[in-house]
Amino acid sequence: MIQRRILPPLGLAWMAIITVFAGLMLSVFPLAAQNIQPSATAKAESTLSSTPTPSQEVYVSSLPNKGAAPELASLAWLNSTTPLRLEDLRGHVILLEFWTYSCINCVRTLPSIESWYDDYRDQGFIVIGIHFPEFPYEHDLQNIAAAAQRLNVTYPIGMDNDGATWRAYGQLYWPTMYLIDKQGMIRYKQIGEGAYDKTEAAINDLLVETFVNQPELTATPRTPLVSLTPNDVINVRSGPDVTQKSIGAIGPNMSFVILEEVSGWYKISYNDDVGYVSAEFVTVSPKEKS
């Protein structure tokens, strides 16, 4: 009689291990082959999976959105060869400070602001000082220019003698700092001195925030501001003629919105009034069509 051989329990265990190992080898080697010579479908899937999703690409700061920043209204500027408007500065982070040069609290903020301006301007950071005067002598452009030089303020300063920008922001205190994001929204506000570390952290946070360029709401482009900057120090006169009284002077690195052209003279906002400068000694921007 022929007897069937029965494998001992250890033999059954080894057969099971061999079977599992063979299955694993069959599953691994086809995958390796696909990695060496991927099909078109595999290539597409690989490309798709390596592309970051929008949620991975876009960074939004946790700073609260306090609404759209009101536009600047200044018609005369120091430390800038063109008048500034927020609409033209989309994609930049802007620190806007309301100040006046004889306010000691304002003066104490200036070294930190100037330092931030130096450190971050190459990263798309802009500082704008809006000078709203408290006392009569602070209305004079020459006084403000001398104070800016004495205090080492190199960033643009917009004259706000009539308080148009001050009122647009509902201002009550000197100094007050706002941070405006790349979309033109107010994201941070600091009243008074202090909180410098907190402010700088907010600047850094907004600088790395993703800028999504929004399409224009209208197809009609806005009319650009026509402005002038002096080629040298020139007189500002009370009327459009050299026989008119000189009421002051302006120089390079200042800019003024042109209010009117009168017989080769330009009318500008000067202190709390208007003045006239000869077209012969200024550069107009954008250039006038011939």
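In debye, nearest 20: dipole of region 76-207 around its Cα centre with unit charges on the Cβ of K, R (+) and D, E (-)?
Values: 10 positive and 17 negative charges, 41 e Å.
I would put it at about 200 debye.
Evaluated at q = 0.10, 0.23 Å⁻¹, the base-10 log of the normalised Debye intensity for region 90-186, with identical point scatterers placed on the Cα atoms, takes the values -0.25, -1.28. Rounded, prolate or oblate: which one fits region 145-193, using the alpha carbon gyration tensor with axes a ≥ b ≥ c (rounded when a/c is under 1.5, else prolate when a/b beats b/c, else oblate)? Verdict is prolate for region 145-193. Distance between the 7 Å Cα→Cβ label points at LEU151 and ALA201: 2.7 nm. Stretching the chain fully between ASP122 and LEU259 yields a gain of 46.0 nm (0.36 nm per residue, less the alpha carbon separation). Using θ = phi - 60° in the Karplus curve 6.51 cos²θ - 1.76 cosθ + 1.60, the 3J(HN,Hα) couplings for region 236-249 round to 9, 10, 6, x, x, 6, 5, 7, 6, 4, 7, 10, x, 8 Hz; x is entered for Gly and Pro. FRET efficiency for the ILE104 to VAL226 pair, using the beta carbon distance and R₀ = 35 Å, is estimated at 0.40.
Do any GluC sites (Glu not before Pro) in region 197-279 lie in a loop, going by DSSP, with at most 16 other beta-carbon atoms within 10 Å of their beta carbon, and if so which? Before the final figure, lay out the partial values.
On the way: sites: GLU200, GLU209, GLU216, GLU260, GLU261; in loops: GLU209, GLU216.
Passing sites in region 197-279 are GLU216.
The trypsin sites (Lys or Arg not before Pro) of region 177-257 that meet both conditions, a loop assignment by DSSP and at most 14 other Cβ atoms within 10 Å of the site Cβ, are ARG222, LYS245. Taking the fewest neighbouring Cβ atoms within 10 Å as the starting point, the ordered list for PHE125, PHE135, PHE256 is PHE135, PHE125, PHE256. Here's how it looks for TYR188: its modeled amide H is under 5 Å from those of LEU179, which are all 5 or more places away or on a different chain. Shape class for region 227-285, computed from the alpha carbon gyration tensor (a ≥ b ≥ c): rounded, with a/c under 1.5. Distance between the modelled labels on SER238 and SER115, one decimal in nanometres: 4.8 nm (7 Å Cα→Cβ projection). By the beta-carbon count within 10 Å of each Cβ, the least crowded to most crowded order of GLU87, GLU134, fewest first, is GLU87, GLU134.
Given a Förster distance of 25 Å, report the FRET efficiency between SER246 and ASP162 from their Cβ-Cβ distance, rounded to the nearest 0.05. After rounding, the FRET efficiency stands at 0.60.
Considering Cα pairs under 8 angstrom that are at least six residues apart, work out the relative contact order of region 76-207 and quote it in whole percent. So the answer I get is 36 percent.
Short to long, the 10 Å bins of the Cα pair-distance histogram for region 117-164 hold 24, 48, 22, 5 percent of all pairs. Residue exposure proxy: HIS92, HIS139, ordered by other Cβ atoms within 10 angstrom of their Cβ from fewest to most, comes out as HIS139, HIS92.
Semi-axes, largest first, in whole Å: what does sqrt of 5 times each Cα gyration tensor eigenvalue give for region 63-109? Write down the numbers at each step before the final one.
Numbers: eigenvalues 91, 63, 19 Å².
The answer is 21, 18, 10 Å, longest axis first.
We did not get these values from a lab; they are worked out from the coordinates using the rules stated. Just so we're clear, the structure is a prediction, and the values are computed from it rather than from any experiment. Neighbour counts are summed over all protein chains in view; Cβ atoms, including those assigned to glycine, are modelled from backbone coordinates with ideal geometry.
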